[in-house]
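Asker: Here it is, the structure, as structure tokens.
The values are calculated or read from the model by the stated rules, or taken from the named source; none is laboratory data. Quick caveat: nothing in here was measured; it's all calculated off a predicted structure. Cβ: placed from backbone, ideal geometry, glycine included. Neighbour counts: every protein chain shown.
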Amino acid sequence: MTTSQIHYGGDYNPEQWPRDVWEEDYAAFDLAAIDTVTIGVFAWAHVQPAEDVYDFTMLDAIVQRAVEGGRKIVLATPTGAMPPWLAHEYPEVNRTDFQGRRHVYGQRHNHCPNAPAYQRLSAELADRIAARYTGTPGLIAWHVANEYGGPDGSCYCDHCAAAFRVWLRGRYRDLDELNEAWNTMFWSHLFTDWEQIVPPNALSEHWRGPNHTAFQGITLDYRRFMSDALLANFVSEKERIRRHDAATPVTTNFMGPFRPIDYHRWAPHLDLATWDNYPPGQREEVRMAFSHDLMRGLKDGAPFWVMEQTPTITASRDVNPVKRPGVLGLWSWQAIAHGADGVLYFQMRQSRGACEKYHGAVLDHAGRTDTRAFKEIAYLGHQLQELGDAVLGARVPARTAVIFDWDSWWTTEMTDGFNRHVSYLGVVLGYYGALWRANAAVDVVPCTADLSGYDIVIAPALHVVKGDIADRLRAVVERGGTVVTSFWAGRADESARAFLMDAPGPFGDLFGVRVEETDSAPPGEANTVTLALRGDPTPSAASLVFEILEPEGAEVIGTYQQDFYAGRAAVTRRRAGAGEAWYVGTDLDPNGLDTIVRTVLERHQLLGPHADNPDLEVVDREGMNGTYRFLLDHAAATVEIQHISPPPNPDFTDETSHP
């Protein structure tokens, strides 16, 4: 097997089959140029059949066969799915849901992260596995647990309530500071003892669901706390691994833009970012590209892995369409183009039973190697062998950043008085999609990121203002860059309290605008905004949110055409020295966003190649082997283009392009 290439393989569970099947599998892996296996992800029950009993017989054999096969190994700590004995002996490890119901054993992602028994036993298991397998030939990464979070990422039991109070004591100096942050003078909520604080759920502060809370500050802190509690589980296992292995990367598999867990809070603790790519539809190239860039941004632009993708269908949706011919390769190359150094599958062989028995796999139930799907898997595997180490470690050079902020996501979607039909992720994807259609190279970064290397920073719906972000955005403009934000920006502080000033709060002087009123409409109702850019006036359909803007130093770029605020400003631009700050006070359609975003990109000469073809994605990766250009055709039909070489990298003399 090639020892230095894009990692290719996936989640392998041979404990589900007799040994003779293993040999068939490895023969098929050879045919498909599979070089990497992820093993042990759900092995807790057979590795530890009772609290005081460990049995590594099966896992030893699985690891040994992978070594004999010359495979690279990603070895998991199997703590993402508890064994039945654990829930039976320690019922408190089962989660208590949003409605206050203590669950019994079942499913996975079913543990309370603050249950002492889970914390102790998961750490001990990680310790024993690391002690046994550190130094295994071919071991390239440790995979801790699996897809942290589950359906909503939260537990509301007594252990969590107690841990929440401890977490709050670390965040706030005293109850006076907490009461001020949560605005507890409202509705007589003044807390006089820490023990009075309980988790915000359907039995306390919420009246309809997780997004309907009487106190956004309490719920916001609980979401931060729960993300940190799950992170503490990961860190505990990683620390046990590090007792035995000081060098091998430790990671866990994320799920793209997954609301319950703030991946930016986790990023410093990861050695490698990985994620599972299961797009909800057939044409999700924008969402996938965004997710790749988000994962790359977790580690300051370093390469990431796709830890899971399906070769054919998923098994978790109401409708599960198969990947069309060529799509497996297209989506895999898209990941590599955006910075992936590994593209792996779930699963290597289909399970015989349970909920994922029809989930796609490298090998189906019959183990056939003559199917269309397997042939495409093998074709991609041999392509990656041919590519070798050419792009390993290579980065995606970007001078445009999109800020993505979990606190703004959480706060925006649970704030009363706004429009609950608005999705924070949807708003961000709208702007990212305009950049994607223009083939602009983009980093997706947290609001704490260093912005000094970017000419353009786009911060849609940056509702929560944290730290010195206002000053750092101002610095981008002052040095000649461009900043773009949208409606609802600058409305609340880190505790979700409204600023006692005109919206957009601390951003007001930067954008030179004041929000006089904010109108909302249900889906299907629109107001036309006319943009005075790019020659002839451009009409754009605006929906859901309509901020009526009063310029205070900014020029009017777009105006509303209907309702009592017809003729009033909807989009503004403030020029400050050589820089610009754009404020978009409504939810524009793609045509409007394209018009604004392309104007900004052209100003900085960052409009990408082939930007006139909305289905052709162009991405460059550059590294020690040169600059590689990836051309990805997402259209149903073949397109003919005139090839344009990637721009020379001044650090390298060798230039190579790869279609």
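Asker: Look through the range 589-645, keep the residues that are without any contact (Cβ under 8 Å) to a residue 12 or more places away in the chain and over 27 Å from Leu387 (Cα atoms), and return whichever of them is surrounded by the most Cβ atoms within 10 Å (Cβ to Cβ).
Answerer: Checking each candidate, the answer is Glu602.
Asker: Also: Considering only the range 337-448, give the helices (runs of 4 or more DSSP H) lying wholly within it that have at least 1 residues that are of a type in the set (Val, Ile, Thr), more than 27 Å from Asp468 (Cβ to Cβ) and in contact with a helix residue (DSSP H, G or I) (Cβ under 9 Å, 6 or more places away or on another chain).
Answerer: Ranges flagged: 372-387.
Asker: Any residue at all in the range 132-141 that is closer than 17 Å to His46 by Cα, touching a helix residue (DSSP H, G or I) at 6+ places or on another chain (Cβ under 7 Å) and part of a helix (DSSP H, G or I)?
Answerer: yes
Asker: Given the structure, is Tyr54 among the aromatic types (Phe, Trp, Tyr), surrounded by fewer than 24 Cβ atoms within 10 Å (Cβ to Cβ) and in contact (Cβ under 8 Å) with a residue 60 or more places away in the chain?
Answerer: So Tyr54 fits the description; yes.
Asker: Among the residues of the range 136-178, which ones are over 24 Å from Phe98 (Cα atoms), surrounded by fewer than 18 Cβ atoms within 10 Å (Cβ to Cβ) and either within 23 Å of the chain's Cα centre (by Cα) or in contact (Cβ under 8 Å) with a residue 24 or more places away in the chain (or both)?
Answerer: Listed by number, the residues that qualify are Thr136, Pro137, Ile140.
Asker: Go through the range 392-440 and count every residue that is surrounded by 20 or more Cβ atoms within 10 Å (Cβ to Cβ) and free of Cβ contacts under 8 Å to residues at least 40 places away in the same chain.
Answerer: So the count comes out to 1.
Asker: When the residues of the range 531-542 are filtered to those that are surrounded by fewer than 17 Cβ atoms within 10 Å (Cβ to Cβ) and without any contact (Cβ under 8 Å) to a residue 60 or more places away in the chain, which remaining residue is nearest to the chain's Cα centre (by Cα)?
Answerer: So, considering only residues that are surrounded by fewer than 17 Cβ atoms within 10 Å (Cβ to Cβ) and without any contact (Cβ under 8 Å) to a residue 60 or more places away in the chain, the one nearest to the chain's Cα centre (by Cα) is Ala541.
Asker: Within the range 304-336, which residues are part of a helix (DSSP H, G or I) and farther than 18 Å from Gln385 by Cβ?
Answerer: Of everything in the range 304-336, those that are part of a helix (DSSP H, G or I) and farther than 18 Å from Gln385 by Cβ turn out to be Val327, Leu330, Trp331, Gln334.
Asker: Any idea which of Tyr26, Tyr8 is more than 31 Å from the chain's Cα centre (by Cα) and either surrounded by 21 or more Cβ atoms within 10 Å (Cβ to Cβ) or in a helix (DSSP H, G or I) (or both)?
Answerer: Every option except Tyr26 fails the conditions.
Asker: Within the range 79-106, can you find the residues that are part of a loop (DSSP other than H, G, I, E, B), touching a residue at least 12 places away in the same chain (Cβ under 8 Å) and loosely packed, with under 13 Cβ neighbours inside 10 Å?
Answerer: Those that are part of a loop (DSSP other than H, G, I, E, B), touching a residue at least 12 places away in the same chain (Cβ under 8 Å) and loosely packed, with under 13 Cβ neighbours inside 10 Å: Gln99, Val104.
Asker: Given the options Leu220, Leu272, Leu190, name the one that is touching a Phe, Trp or Tyr at 6+ places or on another chain (Cβ under 7 Å) and not in a helix (DSSP H, G or I).
Answerer: Within the list Leu220, Leu272, Leu190, the selection yields Leu272.
Asker: If you don't mind, another one. Kindly evaluate Leu384 against the criterion of being touching a Gly at 6+ places or on another chain (Cβ under 6 Å), under 30 Å from Glu24 (Cα atoms) and either surrounded by 18 or more Cβ atoms within 10 Å (Cβ to Cβ) or assigned by TED's automatic domain parsing to the domain that holds Glu494 (or both).
Answerer: In short, no.
Asker: Could you tell me which of the residues Gly579, Gly553, Gly585 is surrounded by 21 or more Cβ atoms within 10 Å (Cβ to Cβ), touching a strand residue (DSSP E or B) at 6+ places or on another chain (Cβ under 8 Å), modelled with pLDDT of 95 or more and closer than 30 Å to Asp471 by Cα?
Answerer: Step by step, each of Gly579, Gly553, Gly585 is checked, and only Gly585 is surrounded by 21 or more Cβ atoms within 10 Å (Cβ to Cβ), touching a strand residue (DSSP E or B) at 6+ places or on another chain (Cβ under 8 Å), modelled with pLDDT of 95 or more and closer than 30 Å to Asp471 by Cα.
Asker: Now for a separate question. Can you confirm whether the range 246-263 contains a residue that is buried (at least 16 other Cβ atoms within 10 Å of the Cβ) and part of a helix (DSSP H, G or I)?
Answerer: yes
Asker: Here is a check on your reading of the model: is Thr219 in contact with a Leu (Cβ under 8 Å, 6 or more places away or on another chain) and buried (at least 18 other Cβ atoms within 10 Å of the Cβ)?
Answerer: no
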